[in-house]
Structures are given as structure tokens and as C-alpha cells.
1. Taking a probe of 1.4 angstrom, what is the accessible area of F29 in Å², to the nearest 10?
2. Give me the one-decimal nm value for the distance between modelled label points at L26 and A47, 7 Å along each residue's Cα-to-Cβ direction.
3. Test of understanding: extend the Cα→C-beta vector of Y58 to 7 Å, then name every residue of the range 184-216 with backbone N under 17 Å from that spot.
4. Given labels modelled 7 Å from the Cα in the Cβ direction, how far is it in nm from E126 to F160?
Amino acid sequence: MPELVAGDPARSTNDGERPSSAGVVLRPFGYLLIGLVWLSIWLVAVALLMGSAGFLAYDDPESLLTGGQGGDTVPVGQAITLFVSAVFLAAIIGPGGWHVLTASWPLAVLSFVYVVRSLRPSFAGEKLSFTAYGFRGSTFGPPTAGDIALSLQPVRPTRFTDGVMRFYMAGWGWNGRLLLAMLPAGLAWSTTIAALMPGIPDVAHVIFWVLTGALLLTSLVLGVRAFRAGPSSQDSDGADDVGVMELSAEDRAKRLKHLKKQRAKRNRQ
């Protein structure tokens, strides 16, 4: 699988250029707008995940359970359909929710960091962020015709921005162990619907709430382990695909140079 790495300012097409006077004046507003857009995306995703569970639980629950046939029991075919749907949705909502949420909030945080930096005179004569590029197919999201733009990376990193960038890369890159770790969280979305659903015995509510908490805790534990371990795939040379944010700036530059040579070699073939 193609490797996704954080970039280096040296890869930016306009490296070395100083921002114009107009750019220095306008960029606080630009970064603020970008940050608000990504924050809105994150909030909408959270609202959809939480709101959809409540909506499905309270919107005609008797019809959901009985298939619109009335009665107090769930038809066998409907029960099987509900079970298969819950498993299918878990495979989508768990990993998909992780990627949408983790791909959005780091960009919002970085944008707000640049808003603060853009107001400080010490940053007036330099670029604040740059765009690097990952190989096609190396990022979460729809297919693209060319390389993937990874924007809003800090020109002057700090310990804080390095931490945010680790989530940035985890949200936009592929990590099989993280995807598997989010499956229990996807199931927890389905059990939350059952826990909220009126018309079922109180003991069932308790069981589903306990099951929801256990599933979320499982995803949390597995997700932390997978996040700390980093991607498990190997590059074409067999080297371990370690997290790029754990590398020094010199090591990152070497890796980017190596990847650039690999891409040029593939383009010649």
C-alpha cells in the first residue's frame, strides 16, 4: 500500500517565498474561515452520529421491531435483517466515523494556531503553513487522479503541532489495526439505538447500556494501542512503516527524498 507521510516545507512549490503585505493582513481571516469550516464539518459529523441513534430509536420503534406487522414479537426475518444491518453499519460507522472526525478536527486546530501566529509580529515575515503531497490511494477519501494534497502543515513545528499532526496523519492515512479497533464502536452505535428505544423491558435497557459502554471501552483500548504502534504495513523495500512524526526532520527529509525517487521510477515505467 502507498505510504502516507507528513511533508516537509522543502517540498512546497513556493518554498522560500515571503508572504506579501496583503497576504500578511488577510491571512488571519483566511485561516479563521478555514478553521471554522473544518470545525463545522466535525460538529456536523458528531451531530449525525449521535442524532441518528436517537432518531432511529424514537421514530416509530414498534414498526422498526415488528416490521410494520403489529403484534408484540419480532418476526424472524425482521430480526435477521436487523442483525445483519447492525453488523453492516458497524463496519461503516465505526471506521468511517473515526476517519471523518479525525480528519477534520486537526485541520481546525492547526488553522486556529495559524490565526494566533498570524497576529504575532515574529511570524510576519514567514509562511505559516505549507502543502505536501501523498501518493494516490494513500489517503482516506474518494479516489483522485493525482497525488493527494495534504495542506495546513506547520512550517515551524512545535511539540503541540507535532502531536496534532500525528492525529492528522492517522485521520487521513490508512491503518488496518485502527480500522479494526473502531468496529466495536460501530456496534456501540447500534446498541445505543436499542438502549434508547422505548417499549422494551427495563432490564433490556440496562443490558444494552452496559454492552454499549463495554464496546466503546474496547475500541478505546484497541484504538490507543493501534495509534501508538502506527501503521503496520511495510514499504516496497521492506522497511518498517514507522510513524513519520516520530522521525527527526533530517530523517523525514531522507524518507521524502526516497519516496520521491520511487515515484519518479514508477512514472518512468
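The values are calculated or read from the model by the stated rules, or taken from the named source; none is laboratory data. Note that this is a predicted model, so its numbers are computed, not measured. All Cβ positions, even for glycine, are placed from backbone atoms using ideal geometry, and neighbour counts span all protein chains on display. Note: areas computed on protein heavy atoms with side chains; ligands, DNA, RNA excluded. Shrake-Rupley method; radii C 1.70, N 1.55, O 1.52, S 1.80 Å.
1. 140
2. 3.0
3. Residues passing the 17 Å test: 192-200.
4. Those two pseudo-labels are separated by 1.6 nm.
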